[in-house]
Amino acid sequence: MKKALVFLVVFSLLVTLVLAGSVSAQDKHKIGILAPAVTHGWVAAVAYHAEARCEELSDEIEYRIQTSSNASEMTSQLDDLKTWGAEAIVAFPQWTGMEVPIQMAIQDGVEVVNFDIKIDVDGVYRVAGDNYDMGVQGAHYISDKIGNEGTVVILEVPTAGSVSELRKEGFLDTLDEIGTDYELHTYATQFTREAGLSDMSDILVRHDQIDAVYSMDDETSIGVLKAIEEAGREDIKVVTGGGGMQEYFEMMPENEDIWIQSALYSPAMVKDAVDMAVDVLEGEDVPEEKIIPTTIVDRTNYKEFLDPDSPY
């Protein structure tokens, strides 16, 4: 009789644990991550940090990360995540064409957190760095180093959409406020060191005198600095950047003739986007937009931002 009673007690505990585990699994929120395929070190780091944060929250959420090469592929992956049962999606698009599918997802009851490049859709939450302020800080940095006169090259990236537009807008607006008298030359490039090298090499041939380069990206700037070195130019006093790349940080103290600057735009911000998605699903009071302030890094403080474990 006692053995039978013990068996029933143990059996009941096992059933309770199984049911508890089942309920726990059912209670987990399903969150999807949509990111671009890795074409840039910063993008690779975004996917890395997104997965790292999802793993940290694995007791609370199930997740799937999808990467794509264009808007059509991302749209297909968005549909796959909806079929999987995603309650929230963190979307990081790098192209136009995602507005309609994102709007349809919201209409279907999916919460969407837009990371970085802005999606012009009602009802999305958003986490991003302060792209406009990056331009503001770049303008102040250059004017502090070269004064209010000189020749400045602006390297914009039209394919980056609002990211490039806002950084350029902040830069130009601030130059007007400061009252600089710069000769400005604007050229299109890409967020890659290869494009920075190729485009800057052509620009150096076109201009005998350049005082500063307003570059928006650390990888682009690495290419820019290589082009300057190869051309043997000594006139350029400032090269800005953006992102927060470890390799670029380590270049800052190496050349005393050029002020190398980065407007920190950390890929780890995507963790905030994942957290926002969880908070929304938990019914927390969440602001529609979270903009993370800019920090300037150069040879005076770069050591504070070195991270040997960083993938970017």
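Structure summary
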{"item": "Selection count where residues are among the acidic types (Asp, Glu) and buried (at least 19 other Cβ atoms within 10 Å of the Cβ), scope the stretch 168-203", "result": "1"}
{"item": "Residues satisfying the stated conditions in the stretch 81-109, i.e. in contact with a helix residue (DSSP H, G or I) (Cβ under 8 Å, 6 or more places away or on another chain) and more than 23 Å from VAL43 (Cβ to Cβ)", "result": "LYS82, GLU87, ASP108"}
{"item": "Subset of the stretch 204-226 [surrounded by fewer than 20 Cβ atoms within 10 Å (Cβ to Cβ) and over 16 Å from GLN261 (Cα atoms)]", "result": "VAL205, ARG206, HIS207, ASP208, GLN209"}
{"item": "Residue satisfying condition, being surrounded by fewer than 16 Cβ atoms within 10 Å (Cβ to Cβ), modelled with pLDDT under 95 and touching a helix residue (DSSP H, G or I) at 6+ places or on another chain (Cβ under 6 Å), within set PRO267, PRO311", "result": "PRO311"}
{"item": "Residue among GLY283, GLY223, GLY244 that alone is small (Gly, Ala, Ser), closer than 26 Å to ASP130 by Cβ and out of contact with any strand residue (DSSP E or B) (no Cβ under 6 Å at 6 or more places or on another chain)", "result": "GLY223"}
{"item": "Residue in the stretch 61-81 that is within 25 Å of MET216 (Cβ to Cβ) and touching a Lys or Arg at 6+ places or on another chain (Cβ under 7 Å) present", "result": "no"}
{"item": "Selection within the stretch 276-306 - of a type in the set (D, E, K, R), surrounded by 11 or more Cβ atoms within 10 Å (Cβ to Cβ) and closer than 21 Å to GLN137 by Cβ", "result": "GLU289, LYS290, ASP298, ARG299, LYS303"}
{"item": "Options GLY223, GLY244, GLY232; residue that is farther than 30 Å from HIS29 by Cα and either at pLDDT below 95 or of a type in the set (D, E, K, R) (or both)", "result": "GLY244"}
{"item": "The stretch 63-85 - residue that is of a type in the set (A, V, I, L, M, F, W, C) and closer than 22 Å to LYS118 by Cβ and, of those, modelled with the lowest pLDDT", "result": "ALA71"}
{"item": "PRO101 in contact (Cβ under 8 Å) with a residue 24 or more places away in the chain and in a loop (DSSP other than H, G, I, E, B)", "result": "no"}
{"item": "Subset of the stretch 218-233 (residues that are under 15 Å from SER198 (Cα atoms) and in a loop (DSSP other than H, G, I, E, B))", "result": "none"}
{"item": "Some residue of the stretch 129-145 being buried (at least 22 other Cβ atoms within 10 Å of the Cβ) and within 17 Å of VAL90 (Cβ to Cβ)", "result": "yes"}
{"item": "Any hit, the stretch 86-93, residues being surrounded by fewer than 21 Cβ atoms within 10 Å (Cβ to Cβ) and either part of a loop (DSSP other than H, G, I, E, B) or modelled with pLDDT of 95 or more (or both)", "result": "yes"}
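Table: residues versus (1) assigned to a helix (DSSP H, G or I); (2) in the same structural domain as ILE154 (by TED's automatic domain parsing).
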{"position": "ASP235", "(1), (2)": "no, yes"}
{"position": "GLU247", "(1), (2)": "yes, yes"}
{"position": "GLU250", "(1), (2)": "yes, yes"}
{"position": "PRO253", "(1), (2)": "no, yes"}
{"position": "VAL274", "(1), (2)": "yes, no"}
{"position": "ALA277", "(1), (2)": "yes, no"}
{"position": "VAL280", "(1), (2)": "yes, no"}
{"position": "GLU284", "(1), (2)": "no, no"}
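The values are calculated or read from the model by the stated rules, or taken from the named source; none is laboratory data. Computed from a prediction, not measured in an experiment: that's the story for all the values here. Virtual Cβ from ideal backbone geometry, glycine too; neighbours counted across all protein chains shown.
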